[in-house]
Structure formats: C-alpha cells, structure tokens
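Single-structure report; data block below.
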Amino acid sequence: MVVMRDVWVNWFEGEENGYNVCDFVEWRPSDRVEVLDQAILVKVTDLLMEYLENDLAELPEALLQEVYQKSYLRKNMSRIQLDYCFIASDGRRVLAVDTAGFQTPIRKSRLTPRQQQLVYEHLENGEWKVFELEHPQLQKDYHILSPSPEEMIGLTRKERQLKLLLHMVLDELHRSGTDAEVRYWYTEWKPEAYEQIQCLQRHEAWDHFIGEVQLGWTSRHVELCEAMIKGQPFFEKLWEQEHLESVK
C-alpha cells in the first residue's frame, strides 16, 4: 500500500463529466484548495478510471474496502479521517476522489504536476493490485445538459462554463419556448437563412439550430448566450459570476 503525503486538492463536487474537474493550470485563487495529510494510492483499469471520471454511480465494493478510513484531511492543526478517499490512476490519468461518506465519487480533484509525477513514479515500482469495474456499464448517454467530451476539447475553463450555460438556456428554450421563439433564436444565430427558417417546422428548426450551435465555440456563441440570458435572473447571475471569477 502506497500512501501519499501533503496532497493539494481542489474539489469539484457533483461533477459527472471529467472535463469539469479542472487541471491544476486552471485552478483559480477563489477555489478552496485543501490538503490531504495522507491519501492512499490505488491502481485501476482504464474502464474503472473512465467510470470514476465520468460518472457518479456506486463504486466497486472491493475498492471501497481497500481505501476505508486510510486517508486524512489536514485542517488547521488537526487530522480528519475520511471514510472513502483515495488517489486513483490507470497509469495515464490521475484523479483524487472523496465520497463525502457515501459510496459514489461525489468530490473529484486533479493533482499538482509534482504530485502527479510522484504517482507515476510509484506505479513504476513493485507489483500492484489493479481494481476493476465489477459490473461494466453501458456506454454513457450524453445530452444537452451533459455534452460529450468531444464538444469540450480545446476549451478553457471559462469557455466550458459558458458553453454549459448556453446549453442550459437552449434546454429551457426547447422545453418551454414557443415555435416562434425557436425560429427567432435560430434566425439570430443564422440571419442569412431567415426565409428558409420561417418555412421550417418547430422540430426541424430546433434540430438544425442545436446541431449547429453545439459545434465549436466562437465569439458568435458568446454573443448568442449573452442575448438569450437577458431577462432571466438565474442565468444572468451565472453569467456574471463566471465573468467575475475568470478575471480574478
């Protein structure tokens, strides 16, 4: 059993997609970084690593038993024992996980570059018990509120957050917007196709609209998002918060 010491963690809670668990270079001064006084290191299969990063389902019982109460959080001058906290790696990816007392990966964090390098060095030495997913799941179903990783490739933390916000607004439009509103916003996105859009049925306009907007991230996406959130206090607050956080 390998125990790592003084591990900095920046927990992202309730994230079902690994792209929302930010790498060290994207940590912000406003993030609440904690220190694990000690954390057990485990090696997992590629499939289980994918599961840890991109799901919030129950963890394998063998893994839970292995890590039970073997990690500690340092807080002020005290050490707080954590029920199910560990660092997992498949030899390529590294992820710190804490279940917050449950049996699902509620909190996730990347590591600092130095700690990540230490993980690789530990894995090169000795024989390792490799934990696997006991009951392989079906392929994950991504949707408008949970975009696929391919849609987030190359984006910064701010861009990912704004894209998720835009997807939330689009979902609201899809669920409660009128036919005219769907065509209106599609026209705002693609004004040169005004005449053709007016002839589309609602589902046709929506399919074309969402299919085009989900591709990439440009200044046009930012403008569309800003326009669509106007007059919606909840979304406006998220917009303002993201802009404030990104400039700190």
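Residue-by-condition table, conditions (1) in a strand (DSSP E or B); (2) open to solvent by 40 Å² or more (accessible area, probe 1.4 Å); (3) of a type outside the set (K, R):
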site	(1), (2), (3)
D83	yes, yes, yes
I87	yes, no, yes
A96	yes, no, yes
A100	no, yes, yes
H122	no, yes, yes
Q139	no, yes, yes
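Can you go through I197, I210 and tell me which one is touching a Lys or Arg at 6+ places or on another chain (Cβ under 7 Å) and either open to solvent by less than 50 Å² (accessible area, probe 1.4 Å) or more than 25 Å from Y142 (Cβ to Cβ) (or both)? Step by step, each of I197, I210 is checked, and only I197 is touching a Lys or Arg at 6+ places or on another chain (Cβ under 7 Å) and either open to solvent by less than 50 Å² (accessible area, probe 1.4 Å) or more than 25 Å from Y142 (Cβ to Cβ) (or both).
Condition check for G91 on (1) assigned to a loop (DSSP other than H, G, I, E, B); (2) among the small types (G, A, S); (3) under 17 Å from the mean Cα position of the chain (by Cα): one failure, at (3). Sub-6 Å Cβ pairs linking a first residue in the range 171-193 that is touching a residue at least 12 places away in the same chain (Cβ under 8 Å) and within 15 Å of H208 (Cβ to Cβ) to a second residue that is open to solvent by 50 Å² or more (accessible area, probe 1.4 Å) and assigned to a helix (DSSP H, G or I), at least 6 apart or interchain, are D179/R202; V182/R202, ordered by first then second residue.
The values are calculated or read from the model by the stated rules, or taken from the named source; none is laboratory data. Note that this is a predicted model, so its numbers are computed, not measured. Neighbour counts run over all protein chains shown; Cβ positions are idealised from the backbone, glycine included. Note: areas computed on protein heavy atoms with side chains; ligands, DNA, RNA excluded. Shrake-Rupley method; radii C 1.70, N 1.55, O 1.52, S 1.80 Å.
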